[in-house]
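Q: Take this structure, written in structure tokens, and hold onto it; I'll ask about it next.
The values are calculated or read from the model by the stated rules, or taken from the named source; none is laboratory data. No experiment lies behind these values; they were computed from the predicted model shown. As a convention, Cβ positions derive from the backbone with ideal geometry for all residues, glycine included, and neighbour counts pool all protein chains shown.
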Amino acid sequence: MSATDGLMRGMEVIDTGAPLSVPVGGTTLGRIFNVMGEPIDNLGPVDTSATFPIHRSTPAFIELDTKLSIFETGIKVVDLLAPYRRGGKIGLFGGGAGVGKTVLIMELINNIAKAHGGVSVFGGVGERTREGNDLYMEMKESGVINEKNIKESKVALVYGQMNEPPGARMRVGLTALTMAEYF
């Protein structure tokens with residue numbers, strides 16, 4: 001899950017017996033995390049005792065909101081051609097580099113925070129370091145991340161960047177999903 005430099009056959013391994021668990025809750029907002037749930041933004045440790053394992057059962061169907069209502073994103077083409085169901089799951093975006101996936105996500109996060117007062121968790125799977133930094137700066141500019149009062153932030157960022165091992169990139173989506181399911 002982290003750098004493999006210096007690993008060699010025959011090294012001692014310690015099994016903790018515990019699943020990979022990540023911090024959840026309001027204290028994750030405004031922060032940047034890696035796949036292990038460790039903050040990578042140089043703002044110190046996350047002040048929370050609440051953690052969830054990234055490998056766990058999905059919520060029971062009866063726990064889900066089954067009322068049919070449309071979530072207005074504020075993006076006309078999405079609301080008209082492919083509306084999102086409130087409380088549902090959405091399969092988002094495939095595609096190559098430079099087609100606008102991150103730009104669309106940034107706009108959704110901004111609209112969710114400002115128009116609906118909601119929070120978001122961004123999972124950057126295989127993101128370029130530059131793109132991750134640009135996203136963070138844009139979130140600060142728009143006020144979705146409030147650096148002066150971090151408790152007022154409306155988004156947590158989780159990255160498994162393209163320079164990280166495949167195992168980390170593969171699981172970063174689970175880390176982001178686990179943090180999002182708390183809310």
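Q: Taking the options 74, 37, name whichever one is outside any strand (DSSP E or B), under 24 Å from residue 159 (Cα atoms), touching a residue at least 24 places away in the same chain (Cβ under 8 Å) and of a type in the set (Gly, Ala, Ser).
A: Working: 74 fails: under 24 Å from residue 159 (Cα atoms).
The unique qualifying residue is 37.
Q: Let me ask another. Restricting the first residue to the range 161-183 and requiring it to be of a type outside the set (Gly, Ala, Ser), which pairs with a second residue that is surrounded by fewer than 18 Cβ atoms within 10 Å (Cβ to Cβ) and assigned to a helix (DSSP H, G or I) meet a Cβ separation below 7 Å and a spacing of at least six or different chains?
A: 161/129; 163/129
Q: Residue pairs, Cβ under 6 Å, 6 or more apart or interchain, first in the range 121-135 and surrounded by fewer than 21 Cβ atoms within 10 Å (Cβ to Cβ), second in a helix (DSSP H, G or I) and charged (D, E, K, R). List them.
A: Listed pairs, sorted by first residue: 125/169; 126/169.
Q: Of the residues that make up the range 43-59, is at least one of a type in the set (Lys, Arg), part of a loop (DSSP other than H, G, I, E, B), at pLDDT 85 or above and at negative phi? Write out each step before concluding.
A: Of all residues in the range 43-59, those of a type in the set (Lys, Arg) come to 56.
Imposing the further condition that a residue be part of a loop (DSSP other than H, G, I, E, B) reduces the set to 56.
When the remaining residues are screened for being at pLDDT 85 or above, the result is 56.
Pick out the ones that are also at negative phi and you get 56.
Within the range 43-59 (the criterion being of a type in the set (Lys, Arg), part of a loop (DSSP other than H, G, I, E, B), at pLDDT 85 or above and at negative phi), the answer is yes, since at least one residue qualifies.
Q: Look through 21, 2, 57 and report the one residue that is hydroxyl-bearing (Ser, Thr, Tyr) and touching a residue at least 60 places away in the same chain (Cβ under 8 Å). Write out each step before concluding.
A: On the way: 21 fails: touching a residue at least 60 places away in the same chain (Cβ under 8 Å); 57 fails: touching a residue at least 60 places away in the same chain (Cβ under 8 Å).
From the options 21, 2, 57, the qualifying one is 2.
Q: If you don't mind, there's one more thing I want to ask. Taking the condition of being crowded, with 16+ Cβ neighbours inside 10 Å, charged (D, E, K, R) and within 19 Å of residue 90 (Cβ to Cβ), how many residues in the range 136-183 meet it?
A: Total meeting the criteria: 1.
Q: Can I ask one more? Inspect all residues belonging to the range 124-143 and state whether any of them is in contact with a Ser or Thr (Cβ under 6 Å, 6 or more places away or on another chain) and closer than 23 Å to residue 53 by Cβ.
A: No - not one qualifying residue is present in the range 124-143.
Q: Moving on. Looking at (1) in contact with an Asp or Glu (Cβ under 6 Å, 6 or more places away or on another chain); (2) farther than 20 Å from residue 23 by Cα, which is the one condition that is false for residue 165?
A: It fails just one condition, (1).
Q: Could you look through the range 1-34, keep only residues that are β-branched (Val, Ile, Thr) and not in a loop (DSSP other than H, G, I, E, B), and pick out the one that is surrounded by the most Cβ atoms within 10 Å (Cβ to Cβ)? Spell out the reasoning first.
A: Our first condition is that a residue be β-branched (Val, Ile, Thr); within the range 1-34, this holds for 4, 13-14, 16, 22, 24, 27-28, 32.
In the following step, the residues that additionally are not in a loop (DSSP other than H, G, I, E, B) were identified as 22, 27-28, 32.
Details: 22: 24, 27: 17, 28: 27, 32: 23.
Among those that are β-branched (Val, Ile, Thr) and not in a loop (DSSP other than H, G, I, E, B), it is 28.
Q: Checking the condition surrounded by fewer than 17 Cβ atoms within 10 Å (Cβ to Cβ), modelled with pLDDT under 90 and outside any loop (DSSP other than H, G, I, E, B), which residue from 89, 114 passes? Step through it out loud before you land on a result.
A: On the way: 89 fails: outside any loop (DSSP other than H, G, I, E, B).
Of 89, 114, the one residue that is surrounded by fewer than 17 Cβ atoms within 10 Å (Cβ to Cβ), modelled with pLDDT under 90 and outside any loop (DSSP other than H, G, I, E, B) is 114.
Q: Moving to a separate point now. Among the residues of the range 117-126, what is the count of those that are more than 15 Å from residue 26 (Cβ to Cβ), in a strand (DSSP E or B), in contact with a helix residue (DSSP H, G or I) (Cβ under 6 Å, 6 or more places away or on another chain) and not β-branched (Val, Ile, Thr)?
A: Initially, the range 117-126 is screened for residues more than 15 Å from residue 26 (Cβ to Cβ), giving 122-126.
Pick out the ones that are also in a strand (DSSP E or B) and you get 122-125.
Narrowing further to those that are in contact with a helix residue (DSSP H, G or I) (Cβ under 6 Å, 6 or more places away or on another chain): 123-125.
Adding the requirement that they be not β-branched (Val, Ile, Thr) leaves 123-124.
Residues in the range 117-126 being more than 15 Å from residue 26 (Cβ to Cβ), in a strand (DSSP E or B), in contact with a helix residue (DSSP H, G or I) (Cβ under 6 Å, 6 or more places away or on another chain) and not β-branched (Val, Ile, Thr): 2 in total.
Q: State which residue is farthest from residue 118 (Cα to Cα) when the search covers only the range 1-44 and only residues that are β-branched (Val, Ile, Thr) and touching an Asp or Glu at 6+ places or on another chain (Cβ under 9 Å). Break it down stepwise before answering.
A: Going through the range 1-44, the residues β-branched (Val, Ile, Thr) turn out to be 4, 13-14, 16, 22, 24, 27-28, 32, 35, 40.
Then drop every residue that is not touching an Asp or Glu at 6+ places or on another chain (Cβ under 9 Å), which leaves 22, 24, 27, 32, 35.
Details: 22: 21, 24: 16, 27: 15, 32: 18, 35: 23 Å.
The residue in question is 35.
Q: Name the residues in the range 127-160 that are closer than 16 Å to residue 39 by Cα, touching a strand residue (DSSP E or B) at 6+ places or on another chain (Cβ under 7 Å) and either outside any helix (DSSP H, G or I) or not small (Gly, Ala, Ser) (or both), would you?
A: 136, 145, 155, 156, 157, 158, 159, 160
Q: Considering only the range 97-106, state which residues are surrounded by fewer than 17 Cβ atoms within 10 Å (Cβ to Cβ) and touching a residue at least 24 places away in the same chain (Cβ under 8 Å).
A: Filtering the range 97-106 for residues surrounded by fewer than 17 Cβ atoms within 10 Å (Cβ to Cβ) gives 97-101, 103-104.
Across the range 97-106, the qualifying residue is only 104.
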